[in-house]
Amino acid sequence: MKELFQGRRFGFAPRAAIAYVAIGIGISLTLSDLMAWFAWGGNDTNGYVVVADWLAHAVTVVLGLASLAALAEYLDVPEEDRGIARLDLIAAAAAFLLYGASTFLRAFDVGASAVSPAPFLIAIAALIVTFVDAAVAANLYSAREWEELEEEPMREHRPRRRAATR
């Protein structure tokens, strides 16, 4: 599992890519909240609130994976990069907790015409922390190079037998 989160089989560290996926979901969450608040696209904005609730769940799950990946990277980072890796781990965990709190508070507003200000502002703070986290992760892990893994043969190649002729 550690190799999966570190990206040894991929050939690159997926940590920064996971953070950028979280940024994309976070931006769409913020846009959904703004569409509900300003009633863009219709009079009944309850659909935007439901979409924002699902997006909040999705970004929380993605940031949970990002936190696990940051922990896996932190365990094997060289000593000179330990401080930046710690910042990455703290930022990923903080963004996860902030989006988790926003998701919890949104559960009370699903039937409303727009989300209340507290989950919206918490999501904005979490988006800012996620931007910082993605920048740190991209700078720290994008240049990491893994050693070449030895390829294991899928099966042994044997010469084909020829059919006996009569």
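The values are calculated or read from the model by the stated rules, or taken from the named source; none is laboratory data. Here the structure is a predicted model, which means the values were calculated and not measured. We place every Cβ from the backbone using ideal geometry, glycine too, and count neighbours over all the protein chains shown.
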What residue, of Leu121, Leu140, Leu98, is buried (at least 18 other Cβ atoms within 10 Å of the Cβ) and at pLDDT 90 or above?
-> Leu98
Check whether at least one residue in the stretch 107-117 is assigned to a loop (DSSP other than H, G, I, E, B), surrounded by fewer than 12 Cβ atoms within 10 Å (Cβ to Cβ) and modelled with pLDDT under 85, and report yes or no.
-> yes
Can you tell me how many residues in the stretch 121-145 are closer than 15 Å to Ala66 by Cα, of a type in the set (D, E, K, R) and more than 15 Å from the chain's Cα centre (by Cα)?
-> 0
Would you call Ser67 more than 14 Å from Ala137 (Cα to Cα), assigned to a helix (DSSP H, G or I) and among the hydroxyl-bearing types (Ser, Thr, Tyr)?
-> no
Residues satisfying the stated conditions in the stretch 88-120, i.e. free of Cβ contacts under 8 Å to residues at least 12 places away in the same chain and over 20 Å from the mean Cα position of the chain (by Cα) | Phe108, Ser116, Pro117
From the list Ala70, Ala126, which one is among the small types (Gly, Ala, Ser), out of contact with any strand residue (DSSP E or B) (no Cβ under 7 Å at 6 or more places or on another chain) and either at pLDDT 90 or above or loosely packed, with under 14 Cβ neighbours inside 10 Å (or both)?
-> Ala126
Name the pairs whose Cβ atoms lie under 7 Å apart, with the first residue in the stretch 131-142 and in contact (Cβ under 8 Å) with a residue 24 or more places away in the chain, the second hydroxyl-bearing (Ser, Thr, Tyr), and 6 or more positions between them or separate chains?
-> Ala134/Tyr20
Subset of the stretch 78-103 [under 19 Å from Gly64 (Cβ atoms) and either of a type in the set (Asp, Glu) or assigned to a loop (DSSP other than H, G, I, E, B) (or both)] = Asp88
From Ala118, Ala123, Ala56, residue being farther than 14 Å from Arg15 by Cα and touching a Pro at 6+ places or on another chain (Cβ under 8 Å) | Ala56
